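Taking it in order: structure first as C-alpha cells, then the write-up.
Bear in mind that the values in this text are calculations on the coordinates, not laboratory data. No experiment lies behind these values; they were computed from the predicted model shown. In this analysis, Cβ positions are derived from the backbone assuming ideal geometry, glycine residues included, and neighbour counts consider all displayed protein chains.
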Amino acid sequence: MDLEEEEKNRLLEKYLPPENCTQVKAPTLNLEVKAAISSSVQKRDERLSALRRQIGASLSCIGSALTLILKEEGGGNRTYIQLLNDASKLLTDLHRTETIARRELVALNLKSDVKQILSEATVVDGL
C-alpha cells in the first residue's frame with residue numbers, strides 16, 4: 001500500500017514522539033558532518049532520517065494505544081497488550097539498526113579524522 005504524502009505527513013504530525021522519548025526522534029546531521037559530505041550523501045541521509053521519523057511515529061502511536069488499553073477497567077486485554085508490546089520491541093530494534101546504518105553510511109564518506117570523532121560519539125540528538 002502506498003500512503004499518500006499528505007496522509008503520511010498528517011500521521012507524522014499526529015503521532016510525535018513524547019517528550020520523555022527523545023531517542024525516538026530522528027537525529028539531525030551535525031553541521032560539521034553535513035559540511036563534510038556531498039549533496040548526494042546528504043539526500044540519502046535525509047531519506048534514512050525520514051524512515052526513522054516514520055518508525056518513531058509508529059512507536060508513538062503504539063504507545064498511545066497501550067496507554068489507552070492500560071487505562072481500561074481491569075487493566076485492559078493482556079493479549080492486545082502483549083501484541084502491541086512485541087510490535088514495539090521489533091520497531092525499536094529496527095529504529096536502532098537504522099541509526100547505526102545511517103551513521104556508518106555517513107562515516108564512509110568522511111575523512112579519517114572526522115570519521116574517528118563520529119565513531120566515538122554517542123547517539124543522542126545529532127548524528
* Under the Debye formula (equal points on every Cα, no solvent term), log10 I(q)/I(0) of the chain at q = 0.11, 0.22, 0.23 Å⁻¹ -> -0.47, -1.27, -1.33
* Structure fact -> Excluding residues fewer than 8 positions from Lys14 in its own chain, the aspartates and glutamates with Cα under 16 Å of it are Glu4, Glu5, Glu6
* Structure fact -> Rounded to the nearest whole number, the per residue volume of the convex hull around the C-alpha atoms of the stretch 38-109 in Å³ is 57 Å³
* Under a point-charge model restricted to the Cβ atoms of Lys and Arg (+1) and Asp and Glu (-1), what is the dipole moment magnitude of the chain relative to its Cα centre, in debye to the nearest 20? -> 280 debye
* How far, in degrees from 0 to 90, does helix 78-107 lean away from the longest principal axis of the Cα atoms of the chain, to the nearest 10? -> 0 degrees
* Can you flag which of Lys25/Lys89; Lys34/Lys89; Lys43/Lys111; Lys8/Lys43 are past 21 Å Cα-Cα? -> Lys34/Lys89
* Summing -39500 (n - 2.57) over the DSSP H runs of n ≥ 4 in the chain and dividing by its residue number, what mean residue ellipticity at 222 nm do you reach, to the nearest 500 deg cm²/dmol? -> -23500 deg cm²/dmol
* Asked: Which FRET efficiency value, to the nearest 0.05, do you get for Ser40 and Thr67 by plugging their Cβ-Cβ distance into 1/(1 + (r/R0)^6) with R0 = 41 Å?
  -> 0.50
* **Relative contact order of the chain, pairs being alpha-carbon contacts under 8 Å that are 6 or more residues apart, as %** => 37 percent
* To do: Would you be so kind as to identify which of Leu94, Leu108, Gly75 lies farthest towards the positive end of the dipole of the chain, taking Lys and Arg as +1 and Asp and Glu as -1 on Cβ and the Cα centre as origin?
  => Leu108
* Got a sec? Charge dipole of the chain, +1 on Cβ for Lys and Arg, -1 for Asp and Glu; which of Pro27, Ala57, Pro17 is way out at the positive end? -> Pro27
* Folded to 0 to 90 degrees: helix 39-71 orientation relative to the chain principal axis, Cα -> 20 degrees
* Rounded to 10°, Cα long-axis angle of helix 5-14 versus longest principal axis of the chain -> 70 degrees
